[in-house]
Structures are given as structure tokens and as C-alpha cells.
Amino acid sequence: MSNAEQSITLTCVNCPAGCRLNVVRDGDQIVSVAGYRCRQGIEYAHQEVMNPSRIVTSLIRVSGSSEPLSVKTKQPIPRHLIGDCLAAIQASFVTLPVTIGDVIIENVLNTGVDVIATRSLPDRTCRSAKVKA
Ligand code: SF4
């Protein structure tokens, strides 16, 4: 291993086997991956080291209610944007009714990923729903 190379240990989360992956990185190149039992482990190592991303889950305020609505990003977003994504959700509110899967924030932070409702809440006030950011 050269001085520029970095050794990283990861646990693959793609299945319950939880393979322990040993990744060697040199700048923006993956030099080697070891410890995987299938190809998904290699792909996971590349993704996690070069462009880590996560599904974000949170609660959003509901206009006129003390009960928040649970939301999540529909796909993973880059890990470095998680804090800004949470701030965008906290700065927003939704009005009822909401159906599970409704888009609450479209294209959050220009990631191409929507924040969606993870549960339904009925309309208690008979007003139309949608979001205000
Ligand atoms: S490398 Fe393959 S077998 Fe191992 S945890 Fe990942 S998906 Fe499962």
C-alpha cells in the first residue's frame, strides 16, 4: 500500500450476512475491495466510499395540528446534504389531507429526489392540502 492509499473497513448492509469489507482507496480511485461474498458487496463499497448516500427520514409540521407527519426522501441523497435536507423539512409545513406517498417537497435541494409522506393523515378541516416551504 502506497502512502497515498487509505484503508477503509465497511460493513455491507445489502443483506443480513453483513460482510465486512476492506477497501483500499487512492484518491478518487478504489484500488481493491476484499471480504465480499457477492458482487453487491463490490458495488456497495464503491458507492459508500466514493459517493455515500442515505435515505433521510424526519417529521414535518402540519398546519393547524400539533401532530407532525412522518416523511422520507424517496431515494437516497448524498450524505453531505442530509443536514440541509433536514433543515428544509423543518422549515416547511403541510396542510391536510395527506395520503401516504404524496410528494411533500419536490426535488429537495435540487437533488432530483422528492420528500414523500410515509403515512396518511385525514383532512380535519376540509381544506385542500399541499406544502409551503
Ligand atoms: S457482500 Fe453480498 S453476501 Fe455479503 S452482505 Fe453484501 S450483499 Fe450480502
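The values are calculated or read from the model by the stated rules, or taken from the named source; none is laboratory data. Every value quoted in this text rests on a predicted model; they were computed, and no experiment measured them. Note: ideal-geometry Cβ built from the backbone for every residue, glycine included; neighbour counts use all protein chains shown.
Can you pull out the residues in segment 24-50 that are aliphatic (A, V, I, L, M) and either in contact with a Gly (Cβ under 6 Å, 6 or more places away or on another chain) or within 12 Å of the ligand (Cβ to nearest atom) (or both)?
Of everything in segment 24-50, those that are aliphatic (A, V, I, L, M) and either in contact with a Gly (Cβ under 6 Å, 6 or more places away or on another chain) or within 12 Å of the ligand (Cβ to nearest atom) (or both) turn out to be VAL33, ALA34, ILE42, ALA45.
Any idea which residue in segment 1-23 is modelled with the highest pLDDT, counting only those that are assigned to a loop (DSSP other than H, G, I, E, B) and more than 10 Å from the ligand (Cβ to nearest atom)?
That would be ALA4.
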